[in-house]
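The next block holds one structure in the form of C-alpha cells; read it before the comments.
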Amino acid sequence: MHTGEIGELDSDLAAFQIDAVLMAANIALRLGVSGVVSMVRRVVDGFLRPPR
C-alpha cells in the first residue's frame, strides 16, 4: 500500500459509521456545539486510515 491510499475496509461498516457520525454532527450543529465540522473530519479521516 502506498501513502495516501485508503486501506482495506468493510464498506458496509464504514457507511454505517460515517452515517452515524453525520447524524450526530447534525444534532450537534442544531444544538450550537462549536467545532463539529473539524471533529467530523477527524473521525472520517480515522475511518479511512489503514490499520496499524
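Data overview
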| quantity | calculated |
| --- | --- |
| Search result, residues across the stretch 2-51 that are modelled with pLDDT of 80 or more and at positive phi | 32, 35 |
| Search result, residues across the stretch 9-52 that are surrounded by fewer than 12 Cβ atoms within 10 Å (Cβ to Cβ) and part of a loop (DSSP other than H, G, I, E, B) | 10, 31, 32, 34, 35, 49, 50, 51, 52 |
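The values are calculated or read from the model by the stated rules, or taken from the named source; none is laboratory data. All figures in this text were calculated on a predicted structure; none of them were measured in a lab. Counting neighbours? That spans all protein chains shown, and the Cβs are built from the backbone with ideal geometry, glycine included.
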